[in-house]
Amino acid sequence: MRPRHFLTLLDLSGQEFKDIIDRACELKAMLAQGAPHELLRNRVLAMVFEKSSTRTRVSFEAGMNQMGGSAIFLSPQDTQLGRGEPVEDTARVLSGMVDAIMVRTFEHEKIERMADFSSVPVINALTDDYHPCQLLADMQTYVQHRGSIQGKTVTWIGDGNNMCHSYINAARLLDFELIVACPEGYDPNPELVAANSDRVKIVRTPEQALPSSSLVSTDVWASMGQEGERVRRMKDFEGFEVTLELMSLADENALFMHCLPAHRGEEVSADVIDAPDSVVWEQAENRLHAQKALLEFLLC
Ligand code: CP
Ligand code: NVA
């Protein structure tokens, strides 16, 4: 039987997404109180990283430890994956030894192939197309500060990238409106946009996107793997930096989010991201709590 994978947010129902957020809040409180929660005792997570990471690696590894299990970091330099062993073979071998496999890679199709050949849950920890784990944390952060996001307007400013695609899926599952402000040539996947045309709108300037927005989110202009396009992108994204002036166009209670790492003075100004009430640090911390809830959901 195919195990329960988490390749995109659409592997969850809206209710399951909300349950994971609630559980993440409970697990966060338990950790703060020092309450034991060794729900994954002796369970092992393999973590395949073909791209760099700070938050994802540490949150999964710390989360497994806190839940009584352990995690193994695998990079292409140190494994046979880097020497051309097929992902199908790797998936079959790893899934005979561990309880779940987390993968950060380039092509989304690669993680789909791994999932097809794995007998244990495969978790998408970022591909070129999606970053669903980040959205668990972003939505948990929103709910903790402002309550339900249903019916709210969310603005995505910048590249129509993996994060933007996951915001589109979140909009569908949690029933909010998403306005994407991106320069021409940087739209999110047109098929995904068309499939969600009832709630996703694309505009060409942040000024058009911000009025009545309850949450403003952005990301780097050149994602991992796009370093060669950096100079052109810096030019193409002129006018898309989230500044205090732009934030003042959003709802007065609007939250600003960034999945990090951030480039101050490019996609966001320092006074926005470093504001005393910025939630980006809590958003990053919530990766830990949200993924612990996800691991429990997939493994227990
Ligand atoms: N936001 C995020 O996924 O960060 P890392 O690249 O550091 O894991
Ligand atoms: N869009 C970014 C997200 C980093 C967490 C990237 O893919 O590099």
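Checking the stated criteria, Val216 turns out to be surrounded by 15 or more Cβ atoms within 10 Å (Cβ to Cβ) and touching a residue at least 60 places away in the same chain (Cβ under 8 Å).
Among the residues of this structure, Gly151 does not count as one that is within 16 Å of ligand 1 (Cβ to nearest atom) and on the phi > 0 side of the Ramachandran plot.
Go through the residues of the stretch 33-56 one by one and say whether even a single one is in a helix (DSSP H, G or I), surrounded by 13 or more Cβ atoms within 10 Å (Cβ to Cβ) and within 16 Å of ligand 2 (Cβ to nearest atom).
Keep residues of the stretch 33-56 that are in a helix (DSSP H, G or I), which gives 33, 55-56.
Add one more test, that the residue is surrounded by 13 or more Cβ atoms within 10 Å (Cβ to Cβ), and what stays is 55-56.
So of that shortlist, the ones also within 16 Å of ligand 2 (Cβ to nearest atom) come out as 55-56.
Yes: one or more hits.
For the structure I just gave you, tell me whether Leu288 is at pLDDT 95 or above, buried (at least 17 other Cβ atoms within 10 Å of the Cβ) and away from ligand 1 (no atom under 14 Å from the Cβ).
Details: at pLDDT 95 or above: yes; buried (at least 17 other Cβ atoms within 10 Å of the Cβ): yes; away from ligand 1 (no atom under 14 Å from the Cβ): no.
Criteria not met by Leu288.
Can you confirm whether the stretch 75-90 contains a residue that is within 19 Å of Leu298 (Cβ to Cβ) and crowded, with 17+ Cβ neighbours inside 10 Å? Among the residues of the stretch 75-90, not one is within 19 Å of Leu298 (Cβ to Cβ) and crowded, with 17+ Cβ neighbours inside 10 Å, which makes the answer no. Considering the stretch 88-126, the residues that are within 17 Å of Phe73 (Cα to Cα) and hydroxyl-bearing (Ser, Thr, Tyr) include one that is farthest from ligand 1 (Cβ to nearest atom), namely Ser95.
This table checks each residue for (1) farther than 30 Å from Ala71 by Cβ; (2) within 15 Å of ligand 2 (Cβ to nearest atom); (3) touching a Leu at 6+ places or on another chain (Cβ under 8 Å).
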{"site": "Phe237", "(1), (2), (3)": "yes, yes, no"}
{"site": "Glu241", "(1), (2), (3)": "yes, no, no"}
{"site": "Ala250", "(1), (2), (3)": "yes, no, yes"}
{"site": "Leu255", "(1), (2), (3)": "yes, no, yes"}
{"site": "Asp271", "(1), (2), (3)": "yes, no, yes"}
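Any residue in the stretch 71-91 that is within 18 Å of Pro132 (Cα to Cα), at pLDDT 95 or above, out of contact with any Gly (no Cβ under 8 Å at 6 or more places or on another chain) and assigned to a helix (DSSP H, G or I)? There is no residue in the stretch 71-91 that is within 18 Å of Pro132 (Cα to Cα), at pLDDT 95 or above, out of contact with any Gly (no Cβ under 8 Å at 6 or more places or on another chain) and assigned to a helix (DSSP H, G or I).
Considering only residues that are part of a helix (DSSP H, G or I) and small (Gly, Ala, Ser), which ones fall in the stretch 57-68? Correct list: Ser59, Ala62, Gly63.
Every condition in (1) buried (at least 21 other Cβ atoms within 10 Å of the Cβ); (2) under 14 Å from Leu7 (Cα atoms); (3) of a type in the set (Phe, Trp, Tyr) is met by Phe106 except one, and the failing one is (1).
For the stretch 142-161, a tally of residues being crowded, with 24+ Cβ neighbours inside 10 Å and part of a helix (DSSP H, G or I) returns 1.
The values are calculated or read from the model by the stated rules, or taken from the named source; none is laboratory data. Just so it is clear, the model here is predicted, and its values are computed rather than measured. All Cβ positions, even for glycine, are placed from backbone atoms using ideal geometry, and neighbour counts span all protein chains on display.
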